[in-house]
Each structure stands twice: as C-alpha cells, then as structure tokens.
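Take a look at the structure set out below.
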Amino acid sequence: MALAVLAGVSCFAVLAYLGTWTPFAFVGVLLVALTLRSSAVPMAQFQPTVRRLLIGVGAGVFMVLLAHLAYGWLSAVFPAVRSGTFELLSLLDVAGVSPPLYIPARPTPTPPRAAHSQTQGT
C-alpha cells in the first residue's frame with residue numbers, strides 16, 4: 001500500500017512538472033504486475049463470471065449516478081463547489097474544460113480600402 005501511495009504521489013509530481021498523464025499508465029501497469037506476482041490478490045478473482053461482470057457494471061452505474069446526483073445537490077447547497085470543481089478540472093487539464101495552453105493573438109483588422117478612389121483619377 002505504501003508503494004502505491006508513493007507511486008501515486010510521484011505521478012502527480014511528474015504531472016505538475018511536465019504536464020503529462022503518461023506516468024500514471026506505466027505505474028498502474030507496474031503496480032498490477034507486482035500485485036499479481038506477489039500473490040496479494042488470488043488469481044481466482046480474475047476469472048470472469050456473468051455474476052461478477054454484472055456486479056462490476058452495476059457498481060459502476062451506481063457510482064456514476066450517485067456522483068451526478070450528489071454533485072447537483074452539493075453545488076446547489078454550496079455554490080463554491082462548482083467553482084472549485086472548475087478550478088480542479090483546469091488544474092488537471094481535462095479536455096473540454098481546461099483553458100487552452102496557447103491562445104494565439106488576434107490579428108489586427110486592416111481598414112478596407114476605398115474601392116475605385118485611386119483608379120478613377122478624378
């Protein structure tokens with residue numbers, strides 16, 4: 001457990017410094033491999049059955065519904081939750097929420113030239 005906490009904290013440090021989520025993928029795979037190799041989790045738990053799959057899907061759906069309902073209620077009762085969530089998602093650079101890293105400067109508009117004023121000669 002201490003190794004997992006240390007690995008997670010290290011990944012967040014890399015995220016803050018380099019701005020990439022890649023270490024989480026590598027560390028996650030490494031921790032799963034170490035867990036399986038150490039027999040900390042019996043291999044029988046990794047044999048899928050219809051019952052286990054339904055339990056997993058049901059738990060996932062329940063967590064999503066509960067999170068959405070709780071967030072709606074919490075943000076209504078405590079308005080700071082909404083702004084805090086936006087700041088957190090911006091910090092974590094979540095797609096569609098975070099501000100762009102580079103905002104190009106707007107080109108200055110050029111005034112329109114008077115048509116035919118110089119070609120008329122009058």
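Between segment 6-36 and segment 54-81, what is the C-alpha centre distance in whole Å? Answer, in whole Å: 26. With each label point set 7 Å from Cα along the Cα-Cβ vector, what nm distance links Gln47 and Phe26? Reported label-point gap for Gln47 and Phe26 is 3.6 nm. With each label modelled as a point 7 angstrom along the Cα→C-beta vector, the Glu87-Ser38 pair spans 3.6 nm. Between Val14 and Ala2, the modelled labels are 2.2 nm apart [label points 7 Å from Cα along Cα→Cβ]. For segment 27-77, the fraction of C-alpha pairs more than 17 angstrom apart is 61%.
Every read-out reported here was derived from the displayed coordinates using simple, explicitly stated rules and does not represent laboratory data. Just so it is clear, the structure is predicted and the values come from calculations on it, not from any experiment. So basically every Cβ, Gly included, is an ideal-geometry build from the backbone, and we count neighbours across all protein chains shown.
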